[in-house]
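Single-structure report; data block below.
The values are calculated or read from the model by the stated rules, or taken from the named source; none is laboratory data. All figures in this text were calculated on a predicted structure; none of them were measured in a lab. Glycine also receives a Cβ, built like all others from the backbone with ideal geometry; neighbour counts cover every protein chain displayed. In case anyone asks, the SASA skips ligands and DNA or RNA and just uses the protein heavy atoms, side chains included. Shrake-Rupley method; radii C 1.70, N 1.55, O 1.52, S 1.80 Å.
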Amino acid sequence: LLFLRGPITILVNFAPSLARGNLALKKVNSLELMRLDECQPLYIDKENHTNDTFQMLEYLDIEYKYPNFEDDYAYHFGPVSIDIYPGKIIFLTGGNGSGKSTFAKLLTGLYEPEKGQIKLNGKKILTEDNQLLRNQFSAVFSDFYLFNKIQYAWEDPENQLDKYLNYLKLNNKISVKNGCLSTIKLSQGQRRRLALLSAY
């Protein structure tokens, strides 16, 4: 029993981690995101859609109401309208409960608005086209995990990676070989810059 105490304690302490991991996986699956090998190019039908270069995202009077089956006072967000174009920087500010997270989820297509319209390059995005909206976004959160492998779709990856590592002032700290970073043991600020490269 004395010798078994250590392994049994490890197993008992590990159970909550497994439960949290299972819950996290269910949440990820609930987003219905596509695997990388399932992704298709945007706007395959060139006759019915504009070109695939992001020019403008329009959110017109979007509203969202959280489902609440216990009472009639569910949280209601909106209406909100905003135009987003390349190079525009947007800050979401407000107190707790003001709707910043809700707006971010509507913005990125994780929530579908109950009212209003979303347009990409002047074309309305329908519910079945929601993946088109999600494909316009990459995110670096305040609490992020940094992988040591870079996923890229450039024709000349080595030159592109060197270019951006130099731009982010990381070229003297990191090198990339076969898509793998030489290290991710960096300061917090450097890790954030590297996360931007990964997102890009």
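A few points about this structure:
- Cα gyration tensor shape for the range 77-122, rounded if a/c is under 1.5, else prolate or oblate: oblate
- In this rough spin-label picture, where each label sits 7 Å from Cα along the Cβ direction, the L2-S138 distance is 5.7 nm.
- Stretched out straight at 0.36 nm per residue, the stretch from L31 to E158 would grow longer than its current Cα-Cα span by 42.4 nm.
- For the range 83-200: accessible area per residue (Å², 1.4 Å): 68 Å²
- Here r is the Cβ-Cβ distance between K124 and S182 and R0 is 41 Å; the resulting FRET efficiency, rounded to 0.05, is 0.35.
- Between N148 and R191, the simple spin-label model (points 7 angstrom out along Cα→Cβ) gives 1.5 nm.
- Highest average packing first - 105-118, 186-199, Cβ atoms within 10 Å: 105-118, 186-199
- Measuring r between the beta carbons of A104 and V12 and using R0 = 45 Å, the FRET efficiency lands at 0.75.
- Pairs of Lys residues in the range 107-186, spaced 8 or more positions apart or belonging to different chains, with C-alpha separations under 20 angstrom: 13 in total.
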